[in-house]
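Some notes on the structure that comes next.
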Amino acid sequence: MNAYTIDDLKTLAQRRVPRMFFDYADSGSWTEATYRANEADFQKLLFRQRVAVDMTNRTLASTMIGEDVSMPVAIAPTGFGGMQHPDGEMLGAKVARAFGIPFTLSTMSICSIEDVSEAIGGAPFWFQLYVMRDRDFMHNLIDRAKAAGCSALVLTLDLQILGQRHKDLRNGLSAPPKINANTFWQLASRPRWCLSMLGTRRHTFRNIVGHAKSVADLSSLSSWTAEQFDPQLSWQDIAWIKERWGGKLILKGIMDAEDARLAAASGADALIVSNHGGRQLDGAPSSIAALPAIVEAVGEKIEVHMDGGIRSGQDVMRALSLGAKGVYIGRSWLYGVGAGGEAGVRTVLDIIRKELDLTMAFCGERDIRNVGRHNLVNPDVLKL
Ligand SMILES: Cc1cc2nc3c(=O)[nH]c(=O)nc-3n(C[C@H](O)[C@H](O)[C@H](O)COP(=O)(O)O)c2cc1C
């Protein structure tokens, strides 16, 4: 693929994917200030370059929640992945497996838990769960994730209510797309995408349709999702979910040291410092700015991961330097899959791996597990 940066892939994706789905990925809530800060704040952290140190035999291998990873980068759960490219989530899981990194499937994915499991020959992956009012359906999802051999449950805590994203409203986003005067041209101007979508039968939220009560058809789905996220979610819910799941549990969406302490006390295996990619509370700090205080508060008690704004291996290095044990890529993988399906995701991971490896070497490190604040000239520049 003719792409050297994640930005190249973003440009390619924009050319190939209908506007409503490209914009769905490339948007934040309200003014998008937090979305922009997630990316921009990384640039403020400067590396400490070292010279004349042995740079041979480098390794990016590490662990996340005790699982071996070829680099500490996981694919984040993202809705509508299979609308960026046919069967997008199945392709993402395949590539992640080949790379030896975790793939996290969203509740709101197009391909189902069972589709992804089949695509990777029953190998383990991670599943992300939303807390929903329909507890029977949550049990159904947890049990299906168990049956598919998922090795971690990522429980998202920052979507009790839905942030407003103006572009989605303007574009008339839905899966599958509803045809009207607004959406017709969005689709007609991407004929290759339309044609490719005829090659798959996966066009809607397959974790939900046919599994949740009262979602037999598509007309009921949009109202179901709007009503299902549970505004009463509490730490007690985490206890019963942990119990029913019985495996590794990761809590996603922590931005505050006090919440991080509660997460550590809940007995979860890891937390993810995340503002949902700037898609929920606009005006919240960037994830990378929130990370150090959380590491300081709970870094000894629970594994701390982060996501938000990672667009290069250099950003991965910065997050690890500030104490993250692992990171997740959301939009980066979506741009890759939108730009070129399986090859696009492979290109994303190749770019990130290469940039991370070279940056680590320039900083005088040979083992990613030794990276820390000492690799930055100004580790406190983002202090809140
Ligand atoms: C298009 C899109 C869809 C998302 N869908 C979900 C989701 O279904 N569940 C979830 O927990 N997080 C979801 N997220 C948030 C991501 O998991 C992750 O926190 C975020 O994308 C990280 O920021 P980045 O995109 O800048 O890497 C979504 C993010 C994007 C961009």
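The values are calculated or read from the model by the stated rules, or taken from the named source; none is laboratory data. For clarity, every value in this text was computed on a predicted model and none was experimentally measured. Neighbour counts are summed over all protein chains in view; Cβ atoms, including those assigned to glycine, are modelled from backbone coordinates with ideal geometry.
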Does Met64 satisfy the condition of being within 16 Å of the ligand (Cβ to nearest atom), touching a residue at least 60 places away in the same chain (Cβ under 8 Å) and either surrounded by fewer than 24 Cβ atoms within 10 Å (Cβ to Cβ) or of a type in the set (Lys, Arg) (or both)?
no
Over the stretch 259-290, the set of residues among the acidic types (Asp, Glu) and away from the ligand (no atom under 15 Å from the Cβ) is Asp259, Asp269
Scan the stretch 132-172 for residues that are in a loop (DSSP other than H, G, I, E, B) and of a type in the set (Lys, Arg) and jot them down.
Arg133, Arg165
Here is a list of conditions, (1) more than 15 Å from the ligand (Cβ to nearest atom); (2) outside any helix (DSSP H, G or I); (3) crowded, with 19+ Cβ neighbours inside 10 Å, and Leu129 meets all of them except one; can you say which number that is?
(1)
When you go through Arg346, Arg318 one by one, which is the residue that is part of a helix (DSSP H, G or I), surrounded by 22 or more Cβ atoms within 10 Å (Cβ to Cβ) and of a type outside the set (Ser, Thr, Tyr)?
Arg318
Those residues of the stretch 189-225 that are in a helix (DSSP H, G or I) and modelled with pLDDT of 95 or more come to a total of 7
Selection from the stretch 281-301 of residues that are over 22 Å from Leu46 (Cα atoms), out of contact with any Ser or Thr (no Cβ under 6 Å at 6 or more places or on another chain) and either buried (at least 23 other Cβ atoms within 10 Å of the Cβ) or acidic (Asp, Glu) (or both)
Glu300
Output the qualifying pairs, or none if there are none: Cβ atoms under 8 angstrom, residues six or more apart or on different chains, first residue in the stretch 322-342 and among the basic types (Lys, Arg), second residue buried (at least 24 other Cβ atoms within 10 Å of the Cβ) and in a strand (DSSP E or B).
Lys325/Met64; Lys325/Val304; Lys325/His305
Identify, by number, the condition in (1) more than 27 Å from Asn38 (Cα to Cα); (2) of a type in the set (Lys, Arg); (3) touching a residue at least 60 places away in the same chain (Cβ under 8 Å) that Lys242 doesn't meet.
(3)
Within the stretch 321-343, track down each residue that is assigned to a loop (DSSP other than H, G, I, E, B) and aliphatic (A, V, I, L, M).
Leu322, Ala324
Matching residues, the stretch 34-63, being within 23 Å of Ile288 (Cβ to Cβ) and in a strand (DSSP E or B)
Phe47, Ser62, Thr63
For the stretch 22-29, check the following and say yes or no: at least one residue is free of Cβ contacts under 8 Å to residues at least 24 places away in the same chain and either away from the ligand (no atom under 12 Å from the Cβ) or surrounded by fewer than 22 Cβ atoms within 10 Å (Cβ to Cβ) (or both).
no
Scope the stretch 23-33; condition in a helix (DSSP H, G or I) and over 16 Å from the mean Cα position of the chain (by Cα); matching residues:
Asp23, Ala33
Single unsatisfied condition, Asn38 versus (1) of a type outside the set (Asp, Glu); (2) modelled with pLDDT of 95 or more; (3) more than 16 Å from the chain's Cα centre (by Cα); (4) farther than 24 Å from Phe125 by Cβ:
(3)
Selection count where residues are more than 21 Å from Lys213 (Cβ to Cβ) and within 14 Å of the ligand (Cβ to nearest atom), scope the stretch 138-158:
7
Looking at the stretch 354-376, I want the residues that are under 17 Å from Ala61 (Cβ atoms) and modelled with pLDDT of 95 or more and have a partner that is assigned to a strand (DSSP E or B) and of a type outside the set (Val, Ile, Thr) with Cβ atoms under 7 Å, at least 6 apart or on another chain. Which pairs are those?
Thr359/Phe47; Ile368/Ser62; Arg369/Ser62
